[in-house]
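> Shown below is the structure under consideration.
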Amino acid sequence: MKFIDLFAGLGGFHLALESLGHKCVFASEIDDELRGLYVKNFPDSKDYVVGNIKDNHRLVPSHDILCAGFPCQPFSKSGFQGGHLDTRGTLFHEIVVILQKHKPTYVLLENVGNFEQHDGGRTWAVARRKLQRLGYTVVATEHVKSGGRGLISPHHLGFPHSRERFYAVCRRGPLSADVLPSPDRQRVTDLNPYLQANAGLAPSDLLETKLSQQQVACINHWNDLLRALPPGAEFPSFPLWSDEFEATYAYVKTTPYRARKDKLLRWTRGLGGKREMTRQEMINLLPSYAREEESRFPLWKVRFIMQNRAWYRDYRASIPPRWLTTTRSFPSSLRKIEWNCKGEKRDLWEHVLQFRPSGLRTKRMYSIPALVALTTTQIPIRDFDYKAFQTLTDFQLIARLRFMPLATQSMSMLPEQLHPDCLATKCQPRSRQTWK
């Protein structure tokens with residue numbers, strides 16, 4: 001059958017369907033870099049891949065299957081309330097226009113995990129009804145709380161990648177309710193079989209995946225604290241914000257933004273606060289999340305601050321000398337850590353690490369964390385031989401580094417729009433590499 005690949009990204013849908021014997025006849029991807037990578041992945045596509053679908057939908061040829069990993073956008077509330085199902089002005093509407101003209105037999109849709117819940121459920125409700133009015137039977141991975149079977153992630157199907165996504169399968173005419181694979185949510189996968197040795201990488205790959213001295217220092221620094229805790233103790237399940245260790249500013253019923261200057265001076269004296277400073281200069285010495293111009297913090301922030309200060313009081317005596325002073329020399333994102341390895345070995349290098357804006361995240365070696373398409377900084381790391389860092393293979397799930405060399409069954413589970421630089425991951429080597 002012939003298929004088209006809209007909002008194509010690197011070409012997950014393309015790879016899956018082509019491996020099953022189907023032929024792509026049209027593709028669209030607005031991002032110039034991704035579009036270039038798409039052509040590298042599928043050289044024949046240079047004759048039919050275009051940019052913005054809004055400008056090119058008239059070029060779409062006849063086809064049997066429409067695939068789309070479309071962006072999540074809200075629809076008009078007035079149109080929904082009036083029963084008109086108005087999708088105009090959205091990229092989903094471009095899909096509707098193509099379906100109305102070509103009437104393909106099948107439609108495969110993919111979106112972010114919370115798509116079905118977006119805008120209070122209205123977005124998916126409008127899209128589903130629109131598809132049904134076009135003559136399609138729709139089966140989707142709707143949330144359990146909505147009466148569905150829940151989202152699907154590759155690790156539910158045995159592939160070590162954690163990324164829950166929303167999928168919808170549509171057919172003009174009847175469609176079996178069990179067309180989607182049944183996820184095994186208790187399944188445990190393992191990354192170790194997919195780790196790649198230094199010898200398998202080009203010098204450019206080794207250079208690209210090298211950790212900075214600051215990143216190495218950050219990991220070792222948090223390791224010092226983890227190892228200094230009493231036997232049986234470990235980091236908590238909630239994120240640790242070291243900026244709350246020794247912090248005294250008010251946060252339950254008020255905020256620093258509402259505080260008088262004399263109180264701000266008292267709260268910031270240990271951070272360099274001085275009487276001659278302005279209120280704003282003192283506020284700027286506090287953590288970024290405490291500087292918001294609001295009279296009350298949201299409850300989740302109050303809870304995190306309270307938990308962190310309580311944890312610090314419990315383990316203050318175990319914290320190495322000058323550990324907190326060194327911590328303050330790191331950027332704010334390196335002053336936080338998320339420990340998702342409860343009961344595991346107390347050594348960060350034994351687990352999968354990921355630098356994120358929310359902190360250094362630690363995960364078990366079960367699966368690679370979800371990679372975010374909008375940033376190139378959240379790169380998972382794995383070290384087995386101390387201080388030796390290496391690129392984790394794409395484990396034939398998605399392209400390693402720049403483009404996808406293999407068409408595999410596992411890739412068929414990932415029709416996603418991933419930025420190529422997010423695919424560069426660092427992990428366990430089989431031979432030591434010395435870092436300068």
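The values are calculated or read from the model by the stated rules, or taken from the named source; none is laboratory data. Please read all numbers here as calculations on a predicted model, not as lab measurements. With ideal geometry, Cβ positions are generated from the backbone for all residues, glycine too; neighbour counts draw on all protein chains shown.
> Which of the residues that make up the range 161-183 are under 16 Å from R133 (Cα atoms) and buried (at least 17 other Cβ atoms within 10 Å of the Cβ)?
Within the range 161-183, A168, V169, C170, R171 meet the criteria.
> While we're on this one: Filter the range 266-295 down to the residues that are of a type outside the set (S, T, Y), surrounded by fewer than 17 Cβ atoms within 10 Å (Cβ to Cβ) and within 29 Å of the chain's Cα centre (by Cα) and list them by number.
R291, E292, E293, E294
> Quick check on my filter: what residues within the range 191-242 are at pLDDT below 80 and assigned to a loop (DSSP other than H, G, I, E, B)?
Within the range 191-242, L195, Q196, A197, L201, T209 meet the criteria.
> I'd like the residue in the range 117-155 that is basic (K, R) and within 14 Å of Y167 (Cβ to Cβ) and, out of all such residues, is modelled with the highest pLDDT.
R128
> Let me ask something additional. Would you be able to tell me the number of residues in the range 181-190 that are more than 21 Å from P369 (Cα to Cα) and at pLDDT 85 or above?
0
> Kindly indicate the residue of the range 22-36 that is among the hydrophobic types (A, V, I, L, M, F, W, C) and surrounded by fewer than 24 Cβ atoms within 10 Å (Cβ to Cβ) and also modelled with the highest pLDDT among those meeting that condition.
Checking each candidate, the answer is V25.
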